[in-house]
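Worksheet: the structure to be examined is printed underneath.
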Amino acid sequence: MNNFHFHNPVKILFGKGESSNFKDEIPVGSKVMILYGGGSIKKNGVYEKVQEQLKDYEVIEFSGIEPNPHYETLMKAVEIVREKGIDFLLAVGGGSVLDGTKFVSAAVHYPNGDPWNILSKGDIKSITNPLPIGAVLTLPATGSEMNGNSVITRSETKDKLGFGTPLVMPKFSVLDPTVISSLPERQVANGIVDAFVHVMEQYLTYPVNAPIQDRFAESILCTLIEEGPKVMNDSSDYEAAANFMWAATMALNGLISTGVPQDWSTHMIGHELTALHGIDHARTLAIVLPGVMQVMLQNKKDKLLQYGANVWNVTNGTEEVKVNTTIQKTVDFFESLGIKTRGSEYGITEATVDEICNRFEQRGVNALGEKGDLTIDNVRQILKMRL
Ligand code: NZQ
Ligand code: ZN
């Protein structure tokens, strides 16, 4: 196992009714901005519960944070925060609202010009006095509720870039699984696949004799495989929703990545597909991951065999047969959730493949994967194979 430092200070308030039970987490006298998306919270009762919790605070609302949150929209929130002297941010929504709120938090007192530098230049070290954040999560998927990551899109240039720092981790996150009952099936499926691929990015690399991390990872995958379809069939199934929600949080809160190599190439490539074609984040991952498994087989073979045996019970045949069966089982799982796994089914052509490779070349992104040996040629191979 590799060395690691692990510190996750996010307080989790988990369970039915917790969205009506968080007011003590916000410092008395705070001037609070509630940030939310396109209005789902006004249809499912979450908005009223949040209002009730904040009735003793001065509150300003900022709505309209879009899926794949836009820098342009968020900068409007930054202006209002500065102008009104807001000192606490409450994100109410899915990963996009949470990520957007993290950017606002980091941007408000950013001293080095345009806060886009945080993303484009990776200028984390200049972030000063980020505003404290609380979150009421309405969509299990990204793990944003318990990590310091944020992915932001600049619509003008179609760049979708991420940053990560403990400075923007929420002080607390409310995880009330009853919110899942209002999710469209498409978003439930997206959430299951996103969480699944988060685990794969931290697990499907090469062995470093870390059985705790491996077994945690496998348990999250098995839970998503068992509980995910139950939520798809009946989103008001509280037990299944609770297990799905906690699985998605555990998939990306830093625990399973301790002391092990990580990949993240599927996400890097997937973000380009969203930026250029507007495809839902999770769907891009379902396209790309099977290609990464095939093309990077030599790096990943030991873990692929372990994953096949422990998660899909694939134990018969030659190594080649087992690997192929395992990859096919993964694809079948995504498709069983109604997620298409071929680029052409989303209108992606070879022209997009070339464009993505050119963008990586311009940005100097040419050493992806757990060993830094996934080249731009490999990216081309992966995407062409998945058209
Ligand atoms: O905007 P509203 O009206 O709220 O509707 C949203 C949105 O249209 C809707 N929704 C959310 N909760 C709902 C609901 N509708 C009904 N009932 C509810 N309870 O769902 C739609 C999608 O929401 P969004 O927040 O975009 O989805 P998700 O949580 O999947 O977040 C995706 C974003 O997170 C980033 C992605 O790149 C993408 O931008 N990621 C963030 C990560 C992180 N911070 O660690 C890691 C991930 O890999 C990912 O990159
Ligand atoms: Zn993801």
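The values are calculated or read from the model by the stated rules, or taken from the named source; none is laboratory data. For clarity, every value in this text was computed on a predicted model and none was experimentally measured. Neighbour counts run over all protein chains shown; Cβ positions are idealised from the backbone, glycine included.
What pairs come out if I take residues in the stretch 368-383 that are buried (at least 21 other Cβ atoms within 10 Å of the Cβ) and pair them with residues that are at pLDDT 95 or above and small (Gly, Ala, Ser) whose C-beta lies under 7 Å away, six or more apart or interchain?
Sorted first by the residue in the stretch 368-383, then by its partner, the pairs are 368/265; 369/265; 374/265; 382/291; 383/291; 383/343.
Restricting to the stretch 50-77, name every residue that is in contact (Cβ under 8 Å) with a residue 60 or more places away in the chain, away from ligand 2 (no atom under 16 Å from the Cβ), over 19 Å from residue 174 (Cβ atoms) and not hydroxyl-bearing (Ser, Thr, Tyr).
70, 72, 74
Contact list please: Cβ distance under 6 Å, first residue in the stretch 37-49 and under 17 Å from residue 66 (Cα atoms), second residue of a type in the set (Gly, Ala, Ser) and in a loop (DSSP other than H, G, I, E, B), pairs at least six apart or on different chains.
Correct list of pairs: empty, since none qualify.
For residues in the stretch 169-201 being among the aliphatic types (A, V, I, L, M) and more than 15 Å from residue 94 (Cβ to Cβ), which is farthest from ligand 2 (Cβ to nearest atom)?
169
Can you tell me which residue is farthest from ligand 2 (Cβ to nearest atom) among those in the stretch 27-44 that are surrounded by 14 or more Cβ atoms within 10 Å (Cβ to Cβ) and closer than 19 Å to residue 139 by Cα?
Checking each candidate, the answer is 34.
Among the residues of the stretch 33-60, what is the count of those that are within 10 Å of residue 90 (Cβ to Cβ) and either among the aliphatic types (A, V, I, L, M) or not in a loop (DSSP other than H, G, I, E, B) (or both)?
Residues that pass the stated criteria total 8.
Please indicate, with yes or no, whether at least one residue in the stretch 14-25 is crowded, with 22+ Cβ neighbours inside 10 Å, assigned by TED's automatic domain parsing to the domain that holds residue 134 and more than 26 Å from residue 255 (Cα to Cα).
Looking for residues that are crowded, with 22+ Cβ neighbours inside 10 Å, assigned by TED's automatic domain parsing to the domain that holds residue 134 and more than 26 Å from residue 255 (Cα to Cα), one finds none in the stretch 14-25, hence no.
Hey, can you tell me all the residues within the stretch 154-199 that are of a type in the set (S, T, N, Q) and either over 16 Å from residue 282 (Cβ atoms) or more than 7 Å from ligand 1 (Cβ to nearest atom) (or both)?
155, 157, 165, 173, 178, 181, 182
Return only the number of the condition from (1) farther than 22 Å from residue 149 by Cβ; (2) part of a loop (DSSP other than H, G, I, E, B); (3) within 23 Å of the chain's Cα centre (by Cα) that residue 19 does not satisfy.
(2)
Out of the stretch 255-284, which residues are within 14 Å of residue 199 (Cα to Cα) and in contact with a Leu (Cβ under 9 Å, 6 or more places away or on another chain)?
263, 264, 265, 266, 267
Check 127, 152 and return the single one that is part of a strand (DSSP E or B), farther than 19 Å from residue 39 by Cα and either in contact (Cβ under 8 Å) with a residue 24 or more places away in the chain or in the same structural domain as residue 266 (by TED's automatic domain parsing) (or both).
152
Yes or no: residue 341 closer than 23 Å to residue 195 by Cβ and assigned to a helix (DSSP H, G or I)?
No.
Identify the residue in the stretch 230-281 that is within 11 Å of ligand 1 (Cβ to nearest atom) and among the polar types (S, T, N, Q) and, among all such residues, is farthest from residue 372 (Cα to Cα).
Residue satisfying both the conditions and the ranking: 235.
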